[in-house]
Amino acid sequence: MIIRTPSLTELPALRAIERAAGEAFRGLGMASIADDEPPSLEQLAEFQRAGRALAAYEEPAWADEGHGPVGYLLWEPVDGCTHIEQVSVHPDQARRGIGRALIDRAERDGSPAPLTLTTFAEVPWNAPYYARLGFRILDDADLTPGLRAIRAHEAALGLDRWPRVCMRREPGQCT
């Protein structure tokens, strides 16, 4: 597997990955999450231009042969941390270490900063998964101003309909 910045022509594939990955939420009674629109091409292009979009490809030959990405991650700096805005893997490629590889690469690219993210507390491939990767749940007292702003935005979008948490992983814990 290789991980690199996706080209502008690959950005529509990231939206397709997001839609496919979101379908799993439907089985948990979270249809509105499954139906949520992926980041726009303009938003993806902003991350891509800033060097904060990563895409995973099954192997180097795939990228050379015109096969698209199988997963992606978006990150941004928030309060001195590398904040994972989104990480998604196509369900056909799940359980192959792609999400972990993307997260570890984001840590290297944004280092030596800690990683942070917000996620659903009770979705098996969310908080429990990230805990296995070395993330810990932050108490409200540990939230930085930027994380508080992100959580407020998520609440305004209605994501608090299901329990959510902020998580953090210290640098140097690449798995």
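Some values worked out for this structure:
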quantity	calculated
For segment 1-81, accessible area per residue (1.4 Å probe, heavy atoms of protein chains only), Å²	49
Inter-site label distance for Asp36 and Glu154 at 7 Å from Cα along Cβ, in nm	0.8
Accessible area of segment 1-55 belonging to carbon and sulfur atoms, whole % at 1.4 Å probe	54
Integer Hz, Karplus 6.51/-1.76/1.60 couplings in order for segment 73-82, x for Gly and Pro	9, 10, 9, 8, x, 9, 6, x, 10, 8
Quotient of C-alpha Rg and 2.2 N^0.38 Å, computed over segment 75-175	1.03
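The values are calculated or read from the model by the stated rules, or taken from the named source; none is laboratory data. Just so it is clear, the model here is predicted, and its values are computed rather than measured. Cβ atoms come from the backbone with ideal geometry, glycine included; neighbour counts cover every protein chain shown. All accessible areas refer to the heavy atoms of the entire protein, side chains included, with ligands and DNA or RNA removed. Shrake-Rupley method; radii C 1.70, N 1.55, O 1.52, S 1.80 Å.
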